[in-house]
Amino acid sequence: MTGNQTGSVPKLVKVRATQVSPPPGWALLERRLMKLMEDAVEPMVDKYAEKGGAFYYADDVDDLYERVYNWGLFYAMGADRKVLDLGLQQWHATTRFFADDIVSRVHPRFQPQIHNEYYNQAAAGANEWYHQGEGNMAFYHFGLADPTISENVRRARRFAAMFMDEDPEAPNYDPRHRIFRSPIQTSVGPMHHATVDNVIMWLQGGETGYEQGYRPYRVRATLDPVVTDLEGNWFEDPARRDEILKLFDHIVLNGDVPHSLGATALITNAFLYTGEDKYKQWVLDYTEGWMERIERNGGILPDNVGPTGEIGENRNGLWWGGLYGWNTFVGHYIMFSSLTIAAECALLLTGDFGYLELLRSQIRLLMDNAITREDGQLLLPARYGPNGWEYARDDYDYEKGRFVPYRMQELAHLYHASMAQEDYDLIVRIRDTDKMRDWDHAPVLGEKSYADTELARFQYYDGKNPDWPEKILQAEYQNALNDFESILNENRDAKTLIANNPSPPTTVYTKGLTQVTMGAPQSVYTGGLLRATVRYFDTDRTRPGLPPDVAALVDKLGTDSAGLQLINLNAGETRNLIVQAGAFAEHEFVELTHEGQTVQVGSKYFAVRLPPGTSIRLDVGMRRFAHRPTYAFPWHGDTIPVPYQ
C-alpha cells in the first residue's frame, strides 16, 4: 500500500476480459524486462554505495541524482516497492552528502553543491537548466510514485519559491519584466560574477593558448558583438583578464536566456501537488514572455535579454550569442529541449493548444531555412552566428550538435501533444528526405538517447512497423541485461571504486515502457514531466502501476482516440486495475468500445477485470486536456491526503 489512502474511487465503468489465448511475445518481453530491472536495483546500490545510501561516485550532483532518475517512475509503472524505497534512499543520501553546511568527503571531483536541498553556485557549469533539469527528474518522478510524502510536498513548494521571487535568499526572478536575473539560478540566488575558469569553460570550451581566429570546440556562449575574436590567453594579462571578466558578467550573466524555460517543469510540479493557481499563473506569465519576444523579433526566438527584458540589451541589440543559445557548439538542441518542456507544461495547465506555437514556430523556422544536400538529404540549420545560418552536412554526432538529419525529440513531443495533421506532416517531411537512418529500427540506446527510439515508434502508429513493440522491448532488455552483467561482474572493493570513480550503471530503462504501455514519447530527459496517453493503477494493492503479471500496449493513437491491449499472464489469479486518462488525469474517456459494444464513460477513469490468463482489447474515445492535472491517485478524491502540511 502506498501512503495514506483516503476517500473512494467514484463509480466507474467496468469491463471484464473474457478471451483466453496464448500471450503475445511483446507481453512476455514486457514483464521479463520489468523483472530483470527489479532484480538489478539492489545489487547496484549494494556495490556502488555505502549502507547509508551515499554513492562512492563523485561528480556534479546532478549526475548522482541521474543514477536513480527514473526509479520512482518505474515504481509508478508497477515495479516492486523496493525500487521506490531505494530511489528515495539514494536521493536523500545524495542531497545530505552534498549539503554545503558540512564537508562530507575529500575528493578531486567532489564539492558541496546543495543549499536548502537545492543547487547552490559551487558548480556553476552544472547549474543551468540542462543540468538542473537532469537532476530534477528523480524528484518529479516521486510525485508520480507517491504524492502523499509530506517532505516532498514541502520541497516542491520551497523549490518553486526560489524561482518565483518568494524566497529572499534566492531572488532569481524579476516578476515585473518576466525574466530571471541571470541564466544561472540557484538556491542562493542568481549568479552575476564569473571566475576565470567559468569564462574559459563557457566561452572557450575549456581550451586555452590558441591563436586568434580559431573557434574552440564546446563553446557555450559568446561576447558578440563586443568581442568577436577572443584570444586564447586573455587571462594571462591582469588588465585584460579583468576587462573580460567584467564584460562576461555584464553581457552573459546580467539577464535571461530561453534555456531557462526548463524552470516551468519545477513550478508545474508544485501545481500538481497543490493545485494552487499561483503556480499555473507563473508558468503562463513566463512562457508568454518568451512567446511575445519571438513575435517582437520577427518570428525568431532571441536567445538573450537584458535586465529589463529587452532583446540583446547587453549586446547592442544582437539577438543571438546567449548561454546555450543559437551559437553554441551543440547548436539549438539544448535550448529547444526547454521550449518543449515549457510548451508541454503550459498546455497541460490550460488545455490551450496555442502554447505549442512556442515550439512549433521555431521548428518551422528551421524547416523554412533548410537546404538540400546533393543526395536529397534535407539539412536543417544547426546554429546561427556572424555569417547567418550554419549547417552540418554529415557526421551524425549528438555531442557536436550535428543532427543530420534532424533529431526526433521535439517533433515527437509536438505531435504527441497536438495530434494535429500539421505536426504529422512535419515528421513525414523529415522521414521522406532522410537518407541516413532506418526508421523501422529500434536501436539499443541509453536513456539519454535524444529520441532516436521515437523513429520506429512513429512508424508503428503510422501502420508501417508492426513488430515495433517487440523490437523496442528487446532493445531495452539488452540494455538492462548489459548493465546487470556489469554489476554482477563488479569485484572492486569500496576503496578501489572511490579511487577509480566509475559511474554506477543505469540499471533501469523506462523509455521503452513509457512508449509501449503509456502510448507516449519518453519524457524530455533534461527536465521534462511525464507524457502519457493512459496510466494504470492496481486496484487490489491500492497503488500505482500495472498489477503483477499484467502487460499493456497502446496499439493505436488518434486525435481523440486510442487503442489498448491488456494481458493477464497469470494463469491462476485474477487481476484488477484502473486505467487513467493521461499522466496526471488531464484527459477524459468519453466512450469505450469492446467486442463491438460501445458504452459511455464520461470520466477520467475506467476499471478492468482480468480473470486468469485472459486478454482484452479496447478502443477508447477521449477528450484531451479536459481536466485540471494532478498527482492525486483515483482514490484520493479532490485533495491529496498529505499527513503534514
| request: Work out the P(r) tail for segment 559-617: percent of alpha carbon pairs separated by more than 15 Å, whole number. | output: 55
| said: With only alpha-carbon atoms in the gyration tensor, what are the semi-axes of the equivalent ellipsoid for segment 1-119, in Å, largest first? | reply: 38, 19, 11
| What is the magnitude of the charge dipole of the chain about its Cα centre, with +1 placed on the Cβ of each Lys and Arg, -1 on the Cβ of each Asp and Glu, and no other charges, expressed in debye to the nearest 20? | 1560
| message | Tell me which GluC sites (Glu not before Pro) from segment 299-391 have a DSSP coil assignment and no more than 10 other beta carbons within 10 Å of their own. | response | 374
| field | Portion, in percent, of the accessible area of the chain that falls on carbon or sulfur, probe 1.4 Å | value | 47
| request: Could you work out the per residue convex hull volume over the alpha carbons of segment 130-236, in cubic angstrom? | output: 137
| said: I'd like the accessible area for residue 109: 1.4 Å probe, protein heavy atoms, all chains in place, Å² to the nearest 10. | reply: 110
| remark: Helix 277-296: inclination vs the chain longest Cα principal axis, degrees, rounded to 10, gives 50
| field | Mean separation of Cα contacts under 8 Å, 6 or more apart, over the residue count of the chain: relative contact order % | value | 18
| task | At 7 Å along the Cα-to-beta-carbon direction for both residue 281 and residue 485, put a label point, then send me their distance in nm to one decimal. | result | 5.7
| said: Could you give each residue of segment 11-24 its phi-based ³J(HN,Hα) in whole Hz, using Karplus coefficients 6.51, -1.76, 1.60 with θ = phi - 60°, and x for Gly or Pro? | reply: 4, 10, 5, 10, 10, 10, 6, 10, 6, 10, 7, x, x, x
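Could you give the length gained by full extension between residue 111 and residue 429, i.e. 0.36 nm per residue of separation minus their alpha carbon distance, to one decimal place?
Using 0.36 nm per residue and subtracting the Cα-Cα distance, I get 109.8 nm.
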| said: Within 10 Å of each candidate Cβ there may be at most 11 other Cβ atoms; applying that plus a DSSP loop requirement, which GluC sites (Glu not before Pro) in segment 200-278 survive? | reply: 211
| query | Quick one: length gained pulling residue 493 to residue 92 fully straight, 0.36 nm per residue minus the C-alpha distance? | reply | 142.0 nm
| message | Can you give me the solvent accessible area of residue 241 with a 1.4 Å probe, rounded to the nearest 10 Å²? | response | 80
| task | Under a cut-off of 13 Å between alpha-carbon atoms, report the aspartates and glutamates in cross-link reach of residue 464, not counting same-chain residues fewer than 8 places apart. | result | 438, 440, 555
| said: For the chain, report the % of Cα-Cα distances exceeding 43 Å. | reply: 20
| query | Once a ≥ b ≥ c are taken as the square roots of the eigenvalues of the Cα gyration tensor of segment 206-337, is the result rounded (a/c under 1.5), prolate (a/b larger than b/c) or oblate (a/b not larger than b/c)? | reply | prolate
| residue 280: which lysines have alpha carbons under 26 Å from its alpha carbon, excluding same-chain residues fewer than 8 sequence positions away? | 604
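On alpha-carbon atoms, Rg over Rh for segment 487-645 using Kirkwood Rh?
Rounded to two decimals, Rg/Rh equals 1.08.
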| request: Grab every C-alpha pair in segment 443-536, bin the distances at 10 angstrom width from 0 up to the longest one, and report whole percents. | output: 15, 40, 27, 14, 5, 0
| said: Please report the spacing between the Cα centers of segment 133-164 and segment 533-597 in Å, no decimals. | reply: 27
| Using only Cα atoms, what is the ratio of the radius of gyration of segment 80-203 to 2.2 N^0.38 Å? | 1.14
| To the nearest whole percent, what portion of all C-alpha pairs in segment 507-557 is separated by more than 14 angstrom? | 56
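The values are calculated or read from the model by the stated rules, or taken from the named source; none is laboratory data. Everything quoted here is computed from the prediction, not taken from an experiment. As a convention, Cβ positions derive from the backbone with ideal geometry for all residues, glycine included, and neighbour counts pool all protein chains shown. Each accessible area value is taken on the protein alone, full model and side chains, heavy atoms only, with ligands, DNA and RNA left out. Shrake-Rupley method; radii C 1.70, N 1.55, O 1.52, S 1.80 Å.
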